[in-house]
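Here's the structure, in structure tokens; my notes come after.
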Amino acid sequence: MEKKHLICIGCPMGCPITVTLEAGEVREVTGFTCKRGEAYARKEVTNPTRIVTTTVRVEGGVSPMVSVKTAQDIPKGKIFACAEALRGVRVKAPVAIGDVVLSNAAGTGVDVVATKAVAAR
Amino acid sequence: MNTYDIVIIGGGPAGLAAAVSARDAGVERILILERDQELGGILNQCIHNGFGLHTFQEELTGPEYAARFIDQVQERQIPYLLNTMVLDVSADRVITAMNKTDGLFQLSARAIILAMGCRERPRGALNIPGTRPAGIYSAGTAQRLVNMEGLLPGRKVVILGSGDIGLIMARRMTLEGAQVQVVAELMPYSGGLKRNIVQCLDDFGIPLKLSHTVVDIRGRERVEGITLAQVDEHLKPIPGTEEDYECDTLLLSCGLIPENELSRSAGVDLSPVTSGAVVDESLETSVPGVFACGNVLHVHDLVDFVSQEAAAAGRAAAKYVRGELETGEAAIPLKAQGGVRYTVPARVHPHRMEAEQVVRFRVGAVYRNAYVSVYFDGERVSRRKRQIMAPGEMEQVVLKREDLLSRPDLKAITVTIEEA
């Protein structure tokens, strides 16, 4: 039996939730106040994911950087690999919101897309 | 001198939403004045996601949220001037501004919407002892450098203040390869969202030290290190608790100050609590025809609420321009009591209210299982239980126009926290 302790992010309550795991399976969730807390805790201990947001350099644009995000959430453990994969990426202006700047980032199967339009200089 | 129906000062989220709603209410001659080189305001540097859940039912990044409103402004062909600094606003609504192409110029407006936003509290306002080397930035300045200019302000970082910008920058600097050693917070609680504490600090193993502050900054040319100390219940450093940190950068995330120099020059009454204008239900200030919305009015937690408030200001300014805002009615004051720090609006004219009036406020401490109560004079008219209220989040109550109209002798409305 393994116990994991987390703080719920659903609201400012910040409920301290304890999840009991056995062989990777959730056996018990305690400490939550509402359904959102239980759902968050189950996901967070079995498959924690995040949207990663960062920037990449733009060539020939009115601004030197364009903001980007992963089009879907990716496993939490891949955050740094994703940031690393984007470090060398350069895109050419013009850039439109939604343009793919890197496909299948760090083997996640998720594309990284622009979140801002950058006109050509 | 050019004359406009409505001039909006500031092209950030508040100014954009106000412009769109004023145009949709039928106002033709609108002009937005923006000092930066693009519309969108602070959202342009807030590249993280989490914006727009209320407005668009999806999680957008800051630039995406801004783009939705910029598109609406452009679809409506609302004119705007960029790189334009407003220098003065007079009580008779003459605006003095300047930019590189037009030089110094004046405009006359039938109504003005103040939407200038905030600036960050700088080191000079924090009384931190020590030398004055390079490497001390407000968190928002660092955010602009990293996200818009592509520059990393430093590699070994300490952050003072656990407001959301500080937390977001802890994660951002970490992702860019910097080592964020600690976030120190003077208060015994964080002013930031739980979600940001978990996803910006815990995810990366960055410690949050509550009840701690910076008591020394070292380094002549560049920051070489800082000293943290624990503070007591009076927020005074406790001798013997000092800890030294080596770092080349100190980020300050210690609060936002509404940028109200122009409001002051127009003679607008300001609240000592919010540092923003005192407004009524129409978001009208003490100066007739001058309206305020967004963070220049009071610091918001969510941009969605800025957009809602600014849209209301735009509708009210449109009514004012058409002469439809009733005048002469005495305002009923709203009193903030028992842990409620302030209310926006601070007074209401019942006949000018929309059917439902949202009253927003913040509390001064963390409250659990307490009630938000509204009194009409001595009579309690509503009581709502809240599991938790915290200073970092805005709260609201809703007043109904019909309830106020049915009480013609009402003298004052009180919003208060009552503990169980």
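Provide, in order from the shortest bin, the percent of all Cα-Cα pairs of the range B:182-228 in each 5 Å bin, continuing until the bin that contains the maximum pair distance.
With a bin width of 5 Å, the distribution comes to 5, 19, 23, 20, 15, 12, 5, 1.
Return the lysines within reach of A:K3: Cα separation strictly under 18 angstrom, same-chain partners fewer than 8 residues apart disregarded; answer none if there are no such residues.
Output for A:K3: A:K43.
For chain B, what's the relative contact order in percent, using C-alpha pairs closer than 8 Å and at least 6 residues apart?
Once divided by the residue count of chain B, the mean separation gives 15 percent.
Find the accessible area per residue for chain A; the probe is 1.4 Å, ligands and nucleic acids are left out, and the unit is Å².
51 Å²
The range A:37-91 to the range B:367-420: how many Å between their Cα centroids?
That distance is 42 Å.
I'd like the trypsin sites (Lys or Arg not before Pro) in the range B:133-232 restricted to DSSP loop residues with at most 14 other Cβ atoms within 10 Å, sorted by number.
Values: sites: B:R144, B:R155, B:K156, B:R171, B:R172, B:K194, B:R195, B:K209, B:R218, B:R220, B:R222; in loops: B:R155, B:R220.
Hits after loop and neighbour filter: B:R155, B:R220.
Suppose we keep just the alpha-carbon trace of the protein assembly as shown; what are its Rg and Dmax in angstrom?
Every Cα atom of the protein assembly as shown included, Rg and Dmax give 24.3, 77 Å.
Would you work out which of B:A318, B:Y137, B:I417 lies farthest towards the positive end of the dipole of chain B? Charges go on Cβ: Lys and Arg +1, Asp and Glu -1.
Working it through, the farthest residue towards the positive pole turns out to be B:I417.
Round to the nearest 10 and report in Å² the accessible area of B:T141, as given by a 1.4 Å probe over the protein chains' heavy atoms.
So the heavy atoms of B:T141 present about 60 Å² to solvent.
For each pair in A:K4/B:K194; B:K156/B:K209; B:K194/B:K236; B:K209/B:K385; B:K335/B:K400; A:K78/B:K194, compute the distance between the two Cα atoms and list the pairs where it is over 24 Å. The partial results should precede the final answer.
Details: A:K4/B:K194 18 Å; B:K156/B:K209 17 Å; B:K194/B:K236 26 Å; B:K209/B:K385 31 Å; B:K335/B:K400 17 Å; A:K78/B:K194 22 Å.
Pairs exceeding 24 Å: B:K194/B:K236; B:K209/B:K385.
Taking Cα pairs under 8 Å and at least six residues apart, what relative contact order does the range B:255-392 come out at, in percent?
Values: 216 pairs, mean separation 24.4, N = 138.
With pairs under 8 Å counted, the relative contact order is 18 percent.
With every protein chain kept in place and ligands, DNA and RNA left out, what is the accessible area per residue of chain B? Probe 1.4 Å, answer in Å².
42 Å²
Would you mind calculating the relative contact order of the range B:39-83 from Cα pairs under 8 angstrom and at least 6 residues apart, reporting the percent as a whole number? Intermediate results must be reported in sequence, preceding the final value.
Working: 43 pairs, mean separation 16.0, N = 45.
Relative contact order for the range B:39-83 comes out at 36 percent.
For A:T49, list long-range residues whose amide hydrogen, built 1.01 Å from N in the peptide plane, is under 5 Å from its own amide hydrogen.
A:K76
Rounded if a/c is under 1.5, else prolate if a/b is larger than b/c, else oblate: which is chain B, with a ≥ b ≥ c the root eigenvalues of its Cα gyration tensor?
Oblate shape, in that a/c is at least 1.5 and b/c is the bigger or equal ratio.
Would you mind computing, in nm to one decimal, how far apart the modelled labels at A:H5 and B:A134 are, each placed 7 Å from Cα along Cα→Cβ?
The two pseudo-label positions are separated by 4.4 nm.
Pull out a ≥ b ≥ c, the square roots of the eigenvalues of the alpha-carbon gyration tensor of the range B:43-163, then state rounded if a/c is under 1.5, prolate if not and a/b is larger than b/c, and oblate in the remaining case.
oblate
So which trypsin sites (Lys or Arg not before Pro) in the range B:18-105 pass both tests, a DSSP loop state and at most 11 other Cβ atoms within 10 Å of the Cβ?
B:K100
Residue separation times 0.36 nm, minus the C-alpha to C-alpha distance between B:R218 and B:S108: what's the value?
So the chain would gain 34.5 nm between B:R218 and B:S108.
So what's the gap between the Cα centers of the range B:82-115 and the range B:224-259, to the nearest angstrom?
40 Å
The values are calculated or read from the model by the stated rules, or taken from the named source; none is laboratory data. All figures in this text were calculated on a predicted structure; none of them were measured in a lab. Positions of Cβ are generated from backbone atoms using ideal geometry, with glycine treated the same way; all protein chains shown enter the neighbour counts. Each accessible area value is taken on the protein alone, full model and side chains, heavy atoms only, with ligands, DNA and RNA left out. Shrake-Rupley method; radii C 1.70, N 1.55, O 1.52, S 1.80 Å.
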